[in-house]
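See below for the structure under consideration.
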Ligand SMILES: C[S@@+](CC[C@H](N)C(=O)[O-])C[C@H]1O[C@@H](n2cnc3c(N)ncnc32)[C@H](O)[C@@H]1O
């Protein structure tokens, strides 16, 4: 049996949370297999529109034959630019279901999974040039230490970075097995978990995942129409913290510095989900990939109404 491209997570929760206006304009920043998009389309009438982004050309084959859909094969960090290009000023809702799709993860040649032997690639977008192997080859010890510490929360990130620098002097680290074998002596705890953290760190760095999320959120706040909603599904705490802080305070810092005139940026979003929405036991059972997902929703406040 052919494997599904991707099973959408928290589908009902996303659709209910977006409170879709049938004639509205919506954006799916992460089209993937199109599971969420198809449900959004079911809730739109003939005047509705759906703009879908995916930086991976593989996603194109999942596009429905539907005149209401516009496909943008680019990074969602350019959200505002492409909406402008399509002459769209404001939208009624935005969805981002972050990370990689099951298709990308299960495709050995993409290099995302520790299960296969393949080149250490990990690019979601083939037009980008930097791969995970390039990072291991070219980054300094300090840079490697920082990404494993920050993006993977790897406990012995300093030792890991030092080990990589030592090994790469004498042997290439181009494939998943070469990498796993090279660092095996410094693995701490459960090797599967350790490799997962290390791979997560590399993937985040290759795709600049935290910065693109921040850029998208800032633009989403601007392009959302009053009363419009944004729904974001995250899969690890680094992303979730960014979304939580932005929805709460309109910025990414725990404490924002005022500008030269003593003003702090006003938050134009109101939190709809006080606590993140998580999958039911039932969903986790049928789709284990949903296990770590968290959905947060916010609404653009109406002019003149204070956020509380
Ligand atoms: C988790 S999947 C989304 C699955 C989708 N919701 C569905 O129901 O099938 C994430 C998708 O978003 C894409 N993606 C991730 N980050 C992106 C970004 N910064 N810009 C554009 N596409 C991105 C990935 O290529 C992948 O296809």
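The values are calculated or read from the model by the stated rules, or taken from the named source; none is laboratory data. Keep in mind that this is a model prediction, so the values were computed, not measured. Don't worry about glycine lacking a Cβ; one is built from the backbone with ideal geometry, like all the others, and counts go over all protein chains shown.
Worth a mention:
- Residue in segment 57-71 that is in contact with a helix residue (DSSP H, G or I) (Cβ under 6 Å, 6 or more places away or on another chain), within 11 Å of the ligand (Cβ to nearest atom) and at pLDDT 95 or above present: no
- Sole exception among (1) within 11 Å of the ligand (Cβ to nearest atom); (2) surrounded by fewer than 17 Cβ atoms within 10 Å (Cβ to Cβ) for residue 23, by number: (1)
- Selected residue (only one of 3, 80 is in a loop (DSSP other than H, G, I, E, B) and touching a residue at least 60 places away in the same chain (Cβ under 8 Å)): 3
- Scan of segment 38-55 for residues that are within 11 Å of the ligand (Cβ to nearest atom), buried (at least 20 other Cβ atoms within 10 Å of the Cβ) and over 12 Å from residue 18 (Cβ atoms), ordered by number: 52, 53, 54, 55
- Filter pass, residue 17 being touching a helix residue (DSSP H, G or I) at 6+ places or on another chain (Cβ under 6 Å) and either more than 8 Å from the ligand (Cβ to nearest atom) or closer than 24 Å to residue 208 by Cα (or both): no
- Which numbered condition residue 125 misses (of (1) buried (at least 16 other Cβ atoms within 10 Å of the Cβ); (2) assigned to a loop (DSSP other than H, G, I, E, B)): (1)
- Test: residue in segment 65-73 that is in a loop (DSSP other than H, G, I, E, B), in contact (Cβ under 8 Å) with a residue 60 or more places away in the chain and in contact with a strand residue (DSSP E or B) (Cβ under 7 Å, 6 or more places away or on another chain): no
- Leading residue by the ranking (surrounded by the most Cβ atoms within 10 Å (Cβ to Cβ)) among those in segment 223-238 that are over 11 Å from residue 296 (Cα atoms) and within 20 Å of the chain's Cα centre (by Cα): 224
- The lone exception for residue 12 - which of (1) closer than 22 Å to residue 292 by Cβ; (2) surrounded by fewer than 16 Cβ atoms within 10 Å (Cβ to Cβ); (3) modelled with pLDDT under 95 it fails: (3)
- Any helices (runs of 4 or more DSSP H) falling wholly within segment 149-222 and containing at least 2 residues that are farther than 15 Å from residue 136 by Cβ and more than 16 Å from the ligand (Cβ to nearest atom): 157-168, 191-207
- In the set 150, 188, only one residue is surrounded by fewer than 16 Cβ atoms within 10 Å (Cβ to Cβ), touching a helix residue (DSSP H, G or I) at 6+ places or on another chain (Cβ under 7 Å) and touching a residue at least 12 places away in the same chain (Cβ under 8 Å); that residue is 188.
- Failed item in (1) outside any helix (DSSP H, G or I); (2) within 22 Å of residue 273 (Cα to Cα); (3) within 14 Å of the ligand (Cβ to nearest atom), with residue 32 passing the rest: (2)
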